[in-house]
Each structure stands twice: as structure tokens, then as C-alpha cells.
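**Student:** Structure below; questions to follow.
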Amino acid sequence: MDVYPHMKMMKRPFCILVLFLLTSNVVFCERCSRVTQTLQCGDLACDTDRGVCVPCNTSADCYPNAMECKEGKCVVKSFVSNFSALYVVALLCSVAVCSIAVLAGVGGGGILVPMFCLLMGLPMDFAVGLSQTTICGQSILNVLIAIRKRFPCAGCSRPLINYQYLTLLVPLGVIGTLIGGVLNRLCPDLFRLVLLFLLLTAVLYRSVRKMIAQYRKDQSERRGTNTVSSTEEVSGTPTLNSPEEIFHVTQPQYPWIEISCVVFSFIVNLSFGAWRSRTKCGGGAYIVAYCLPVVLNIVIFFCYRHRLSNMEKFRLVFHWNNSTTILYPLVSVVAGVASAMLGIGGGLVLGFILYDVGLIPEEASVTGGVVTLFLAFSSALSLLIESHLLIDYGGVLFACGIVSTILGQFVLMRLIKKYKLKFLIIAALVTIIAGSLTFLTSYGIYSSLNLTRSGGSIIAFGRLCRAKGGGSK
């Protein structure tokens, strides 16, 4: 069995997480600035003359505009107090973005995060949390719709959600959210934007190739001609898109082992997150509360992979090899980091992987949607437990996410199925990625210029253990 060599691959991210936690109380010798005070000072203000964090005296001491001073701390004003025409634009744009994103089973956080920063005047770490809340609203209804769907072929009987591959992705994705939660407090905004730009560029390239291949396949099917599997055209990997491989696969609609593993992974993260919120930041119990869920999720992953390796090959609903069962699931860690640190849904990163392992567009969409829900929900609950999620803002944006799913699933998806244009599902993914790159580039330039004008550092790092609070009261 090849478990032990592969477990060594998990050591590096685990050691990096422990290193960050052990240095959580280190204070970097950097002067704070007005623009970076939320990152460097938490809910304190910055004395720009001395470059140190101090309690605020007036709301003018707080940055950005959505903040106000209360009892010496900078907190976000209530949603009602801040409400304006720009907020209406932000809400409408959120619905539009998520209604397109839901088609591909992704979240659209690459557009939502800079949009919330610009239109709502929120700090980026709060915008990340609100992006996750919006994605939760979008994903939860999408998943409730998807769990009842069956795989679209006459000779097989299994759910449309690929539970086998889902169970490989979620535990590692949850590990990623833990690492991303730490990086979210430490990394400068510009650093996060650059990481997100590079990540989305790579995903965009793969997704465009897949979209072109699927478009050619759709056109061939509409003309009544045969064509090579679209995934084979892109990756050269044998897939499950051929009848002899998928037509006799049978699986219950709700496979209890897979569902139990996914739910247990989520509960482990939530339970230790609740415990962590009651411990001293940077202390021994705090570090243990971070590391134990990482270890438990690694165990879940390898135990389930061992189960699949002993299963008859005809019962597998994806192409089995070391790449699809080790390398590709490790990308789920990156998806989790991106979810917690950058505010994007995990499905945005995992989209091309789901196609490469042989999932058809509809199957990849709903499976990616489930992964997106678990990663976004895990990140949002962690922020809520740490009192770093804006409840009033989150409630409104959660509702926007639900409305976007209704629009996407019951209007746009029905039109796609009616006219047999499956490539538009992948086109939705490409649209969200391209839009994210455009928004991030624009916001990154604006943020850097604003920071430079204020005399701040574009590489100012924060601290993991900083003052709690900052939410609206």
C-alpha cells in the first residue's frame, strides 16, 4: 500500500501551519499606517506620527469609511447606518455574479471581495467573510436541489453528485481553510491579491481549453456526429464519458459512508474551532486546537482512499490513478486556503480538476457546488466563532445568494438544457474567472496607489493574535 510515502507530502503544509502558530505573538518591527491599520492593529487605530497602534478617539481615526469609533475601538457601522445607493449596486451585482457562478458550481468570490471593498468601503478581511456568507447562501440552495438529481444516462443508477470524489476533496479542503484562516490575518492585501491573480490565471487557462473542447463536442452532437470525449481532448486521460464504463455503475442516492465522512470532517473543524475561540491565542491549547483537526482530516482522507483502492474498479465513478487520488485532491488544500484567505469558493479552483478526472459538465457543476458549500460554510463559521463576521451584512448577502441560485438554476440552467448548450456551464466558469482577474487587477492597482499616497507599506504584515472585535455593534 502506498499510503505512507504519500503521507510525507502532507508534512510540509502541516509544519508551515505549526510555524505560523508558534510565532503568532511575534511583533514585526514595522510602523503602522492609516490604510493598513486594520491588518496591523486589529480594532485599534494607528497614530501615524509615531507609527504605533492606539485606541481611537473619533471615527475620523478609523479606516476605511465603513468604520466608526466606539469605546476606543474601530468597529464597522451597522448595515442600516452605512446603507446607500452604492450598497444597492453591490447587492444587485452580487445576485448577478452568483447567478452565473452557480451554473459552474463556483462562488465568484474573486469578484465579490474587491467589489465589497470598493462599493461598501469595508476592510478586506471583513469582505472575505461576507464573500463566504454570500457563497453559503448561493451554495446551500444549489446543493438542496442537486442532491435529488440522478446521473443522466439510461443504463446506470447513481446520484449526479460524485460522492466518491467529493469525499476525497472535502477533508483536504477543510485543512486548507485552517491554513488560510491563519494567512488571512497575517498577509498584506496586495500579497493576497497577487496570489489570487496567479491562481486564477492558471485556472482560467485550463478552463478555456476545456470550454473549447466541450463546445466542439456539443456542436458535433447537435449535428449527429460522433466525437472524442471532451476531457480526452484536453488532458489525454481516459474518462468515464464512455458508455462501457458508466452505464452499469449503481450507487444509492444517499451513500451513507461518503456522507458520514464529509459531515464528520465538517463537525471536527467546527468543534475544534469553538474550542479554539475559548483558548488564549498563541497558547499551547490554541495550537493543539488548530493541529488536531488537521491530523484527523488527514486520517479521514487516507482511510477513505484505502477503501476505494480495495473496491472493484467497475464500482468507481471516476478514473483511478495516483494523480486523481493524491495529486488532484492536494489541490483541494489550495482551494481551502483560497477560500479562507481570499474569499473565493473552492469550486473555482477545483473546477478543472473535476473535469480532468472524467466528470461530465453537469456532474462537475453539482459536485463542485457541494465542495464550495462545505469550504465556504467552514470558513464563515470559523470567522463567526472568532467574532470576525458581520452578522447584519451577512444576513442580507446570504439572502442575495439564495436569490441568485433561484435565478441561475430555474432560469439560466433550464435554458442551457433546453437548447443543449453544455459548454455554457464551462463558459460560466470562464466568465467568473475572467471577471475576477479584471476586478482584482483594478482593485490591486487602486489599493497600491492609495497605500503609497498615504505613506504606508504595501508589504505590511499583520499579527495572528491581535485584538478581537471590529464587527458591527
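The values are calculated or read from the model by the stated rules, or taken from the named source; none is laboratory data. Just so it is clear, the structure is predicted and the values come from calculations on it, not from any experiment. Methodologically, a virtual Cβ is constructed for each residue, glycine included, from the backbone with ideal geometry; neighbour enumeration extends over all protein chains shown.
**Student:** Scan the range 407-426 and give yes if some residue there is under 24 Å from the mean Cα position of the chain (by Cα), at pLDDT 80 or above, among the hydroxyl-bearing types (Ser, Thr, Tyr) and surrounded by fewer than 19 Cβ atoms within 10 Å (Cβ to Cβ), otherwise no.
**Tutor:** Taking every residue of the range 407-426 in turn, none turns out to be under 24 Å from the mean Cα position of the chain (by Cα), at pLDDT 80 or above, among the hydroxyl-bearing types (Ser, Thr, Tyr) and surrounded by fewer than 19 Cβ atoms within 10 Å (Cβ to Cβ).
**Student:** Considering only the range 370-377, I want to know if a residue exists there that is farther than 23 Å from Pro123 by Cβ and touching a Lys or Arg at 6+ places or on another chain (Cβ under 7 Å).
**Tutor:** no
**Student:** A follow-up question, please. In the range 183-227, which residue that is β-branched (Val, Ile, Thr), surrounded by fewer than 20 Cβ atoms within 10 Å (Cβ to Cβ) and assigned to a helix (DSSP H, G or I) is modelled with the lowest pLDDT?
**Tutor:** So the residue we want is Val194.
**Student:** Going through Ala146, Ala96, Ala101 one at a time, which residue ends up being out of contact with any Cys (no Cβ under 6 Å at 6 or more places or on another chain), buried (at least 24 other Cβ atoms within 10 Å of the Cβ), touching a residue at least 40 places away in the same chain (Cβ under 8 Å) and closer than 22 Å to Phe410 by Cα?
**Tutor:** Ala101
**Student:** On to the next question. What are the pairs, 6+ residues apart or on separate chains, where a residue within the range 45-73 that is in contact (Cβ under 8 Å) with a residue 24 or more places away in the chain and in a loop (DSSP other than H, G, I, E, B) has its Cβ under 6 Å from a residue that is crowded, with 18+ Cβ neighbours inside 10 Å and β-branched (Val, Ile, Thr)?
**Tutor:** That search, which allows pairs on different chains as well, returns Ala66/Val76.
**Student:** Looking at (1) in a loop (DSSP other than H, G, I, E, B); (2) surrounded by fewer than 24 Cβ atoms within 10 Å (Cβ to Cβ), find the lone condition where Leu141 falls short.
**Tutor:** (1)
**Student:** Could you please give the count of residues in the range 28-81 that are surrounded by 16 or more Cβ atoms within 10 Å (Cβ to Cβ) and of a type in the set (Phe, Trp, Tyr)?
**Tutor:** Qualifying residue count for the region: 2.
**Student:** If Ala45 satisfies every condition in (1) modelled with pLDDT under 90; (2) touching a strand residue (DSSP E or B) at 6+ places or on another chain (Cβ under 7 Å) but one, which is the exception?
**Tutor:** Failed condition: (1).
**Student:** For Tyr290, state whether it is closer than 17 Å to Val357 by Cα and surrounded by 15 or more Cβ atoms within 10 Å (Cβ to Cβ).
**Tutor:** So Tyr290 fails the test.
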